[in-house]
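Let me begin by presenting the structure, written as structure tokens, before commenting on it.
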Amino acid sequence: MSDPDPIAKPSRPSRESGRGLLKGQQTKAAIVEAALGLATQIGLEGLSIGALAEVTQMSKSGVFAHFGSREELQISVIREYHTRFEDEVFYPAMAQPRGLPRLRALFANWMKRTSIEIDSGCIYISGAVEFDDRAGPVRDALASSVRTWHAAMIRAIASAKEEGHLDAGVDEAQVLFEIHGLILALHYEARFLKSPGAIARAEAGFRNILRNAGAGACDAPTAPATAARRKASRPSKE
């Protein structure tokens, strides 16, 4: 086959333009990093181009050039949060055998991240409060990320049924609902009420869910970070 007309061939980017592209990507990544840090403290709705420009010591026009709108910035933060959630919670659990070991690992990793977020805040939870009744791309991106995670949990529960680790008649959606309820309760109890022993109660709740689903004694403990466990279990000074 003959080569196409040389005029039609795309020119290779110069070394200078390649370096400029890389620098632009690094700058955008740094902005998203700063935006994620802000969002965990003040929520997605609190993000603004102006506040982010101040934190990153950039001009408003410089921040705006990378995103174009506050909405696009918020969506970028949601995607980054979801990527980190997968890296910390989902992918490490995939090294475990199918069935109950993997389901336990998923919950243990989720609990570990939740223990850390008792201080830093959870985008999934705070975002749901902010955007639960507001239609639009930001809500859609947030809901899509949560549904993706829930679908992974449903698959893990179904796998545990297929492996004979849970009763064949177990309703996967009900088990997920109850597990998710533990996480939400943990945030409320530990982050808002500062109730001592909240992590231990969440772990006991998970074992109860598995036991009710036919997993037997289910005495293998989950393992959130020890320091985070002590912190969440410490009585409030108030």
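The values are calculated or read from the model by the stated rules, or taken from the named source; none is laboratory data. Because the structure is a prediction, the values reported are computed rather than measured. All Cβ positions, glycine included, derive from the backbone under ideal geometry; neighbour counts span all protein chains shown. The area values use the complete protein model at the heavy-atom level, side chains included, leaving out ligands, DNA and RNA. Shrake-Rupley method; radii C 1.70, N 1.55, O 1.52, S 1.80 Å.
Just a few scattered comments:
- In the stretch 155-214, the residue that is farthest from the chain's Cα centre (by Cα) out of those that are of a type in the set (S, T, N, Q) and open to solvent by 70 Å² or more (accessible area, probe 1.4 Å) is Asn212.
- Residues within the stretch 93-109 that are surrounded by fewer than 17 Cβ atoms within 10 Å (Cβ to Cβ) and within 16 Å of Ala151 (Cα to Cα), tallied: 2
- Residue count for the stretch 114-151, restricted to those that are closer than 19 Å to Glu80 by Cβ, among the small types (Gly, Ala, Ser) and surrounded by 15 or more Cβ atoms within 10 Å (Cβ to Cβ): 7
One line per residue, one yes/no per condition, for (1) among the hydrophobic types (A, V, I, L, M, F, W, C); (2) assigned to a helix (DSSP H, G or I); (3) within 17 Å of Val89 (Cα to Cα):
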{"site": "Arg139", "(1), (2), (3)": "no, yes, no"}
{"site": "Ala156", "(1), (2), (3)": "yes, yes, yes"}
{"site": "Ala160", "(1), (2), (3)": "yes, yes, no"}
{"site": "Gly181", "(1), (2), (3)": "no, yes, no"}
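- Residue match in the stretch 66-77 (condition: open to solvent by less than 50 Å² (accessible area, probe 1.4 Å), in a helix (DSSP H, G or I) and touching a residue at least 60 places away in the same chain (Cβ under 8 Å)): yes
- Of all the residues in the stretch 43-65, those that are in contact with a helix residue (DSSP H, G or I) (Cβ under 8 Å, 6 or more places away or on another chain), outside any helix (DSSP H, G or I) and farther than 23 Å from Glu130 by Cβ number 2.
- Meets criteria (touching a helix residue (DSSP H, G or I) at 6+ places or on another chain (Cβ under 9 Å), open to solvent by less than 20 Å² (accessible area, probe 1.4 Å), at pLDDT 95 or above and outside any loop (DSSP other than H, G, I, E, B)) for Phe90: no
- Of the residues making up the stretch 163-173, none is assigned to a helix (DSSP H, G or I) and within 25 Å of Ile75 (Cα to Cα).
- Pairs, first over 11 Å from Ile125 (Cα atoms) in the stretch 180-200, second not in a helix (DSSP H, G or I), C-beta under 7 Å, six or more apart: Glu189/Ser195; Lys194/Ser236; Pro196/Arg234; Pro196/Pro235; Ile199/Pro224
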